[in-house]
1. Take the range 30-63 and flag every residue that is closer than 14 Å to residue 165 by Cα, touching a helix residue (DSSP H, G or I) at 6+ places or on another chain (Cβ under 9 Å) and either modelled with pLDDT under 95 or in a helix (DSSP H, G or I) (or both).
2. Do you know which residues across the range 104-128 are under 15 Å from the mean Cα position of the chain (by Cα), touching a residue at least 60 places away in the same chain (Cβ under 8 Å) and surrounded by 16 or more Cβ atoms within 10 Å (Cβ to Cβ)?
3. Tell me which residues, restricted to the range 36-64, are buried (at least 23 other Cβ atoms within 10 Å of the Cβ) and closer than 23 Å to residue 170 by Cβ.
4. Report whether or not residue 7 is closer than 17 Å to residue 154 by Cβ and under 15 Å from the mean Cα position of the chain (by Cα).
5. Confirm whether residue 67 is farther than 17 Å from residue 192 by Cβ, buried (at least 18 other Cβ atoms within 10 Å of the Cβ) and at pLDDT 95 or above.
6. What are the residue pairs meeting all of these: first residue in the range 17-28, first residue over 18 Å from residue 77 (Cα atoms), second residue surrounded by 12 or more Cβ atoms within 10 Å (Cβ to Cβ), Cβ atoms under 6 Å, and 6 or more apart or on different chains?
7. Within the range 104-140, count every residue that is farther than 12 Å from residue 77 by Cβ, in a loop (DSSP other than H, G, I, E, B) and out of contact with any strand residue (DSSP E or B) (no Cβ under 6 Å at 6 or more places or on another chain).
8. So which residues in the range 151-194 are more than 30 Å from residue 37 (Cβ to Cβ) and out of contact with any helix residue (DSSP H, G or I) (no Cβ under 9 Å at 6 or more places or on another chain), if there are any at all?
C-alpha cells in the first residue's frame, strides 16, 4: 500500500419509510472514507504524481469496502460519487490530485463499468467538518432521481497533515423521487448522459 492510512470509516444508510410512505425498494447509500497522510502537507510540491497514485489505490480499496459493507454486488450499483477534504496544511489541489486523474478508473473496474462522470467535490477542512459526497447515476447523468449526496463527518479528522477521501455507492436513487426526467429503466447508457 502506498497510502499511509490512519483510519477507515464506513457509513450505511437505508430508508424504509419517508413521511409515512413506504420506500420500495428501500433507498440505500453506503460510503467508505479513509483518513490518509498527505505526503505534500506543509510545502509546495510541483509533481503530484504520488497523490495521483494514492487516488488509484483508494478507488480500488474504498469501492471494494463499500460493496462489502453494504452487502452489495457490483451489478447492484446504480449511483456513485467521490469526494476529498484536505487538512489545513495541504491545498485544494491535493484533493484534486487524489480524485481526478486516477481514482475513477479503478472504481469503474470494481463496478464493472460506469459511463457517466463520477460526481465529485473537494474542500479544505478539519476534524469534525462535514464532507458531502455527491451521487449521480453511474451510466446516465440525466437521471434526476439519482442526484443525491451523502454527508461524511469524522470527529478526529482530517488533521492538518491528512486528507479525507470518500467514495459513496447506491443501488437506488433518492427515496420517493418525483421531479420527472429520465428514469433508470429507460436509460440507454452509451454516452454517459442518457
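1. 51, 52, 54, 55, 56, 57, 58, 59, 60, 61, 62, 63
2. 107, 116
3. Our first condition is that a residue be buried (at least 23 other Cβ atoms within 10 Å of the Cβ); within the range 36-64, this holds for 36, 38, 51, 54-55, 58-59, 62-63.
Answer for the range 36-64, where residues must be buried (at least 23 other Cβ atoms within 10 Å of the Cβ) and closer than 23 Å to residue 170 by Cβ: 55, 58, 59, 62, 63.
4. Values: closer than 17 Å to residue 154 by Cβ: yes; under 15 Å from the mean Cα position of the chain (by Cα): no.
Taking the combined requirement at face value, the residue does not satisfy it.
5. On the way: farther than 17 Å from residue 192 by Cβ: yes; buried (at least 18 other Cβ atoms within 10 Å of the Cβ): yes; at pLDDT 95 or above: yes.
Answer is yes for this residue.
6. That search, which allows pairs on different chains as well, returns 18/175; 18/176.
7. Adding up the residues that qualify gives 4.
8. Within the range 151-194, 175, 176, 185, 186, 187, 188, 189, 190, 191, 192, 193 qualify.
The values are calculated or read from the model by the stated rules, or taken from the named source; none is laboratory data. Only a predicted model underlies this, so the values are computations on that prediction, with no experimental measurement involved. Neighbour counts are summed over all protein chains in view; Cβ atoms, including those assigned to glycine, are modelled from backbone coordinates with ideal geometry.
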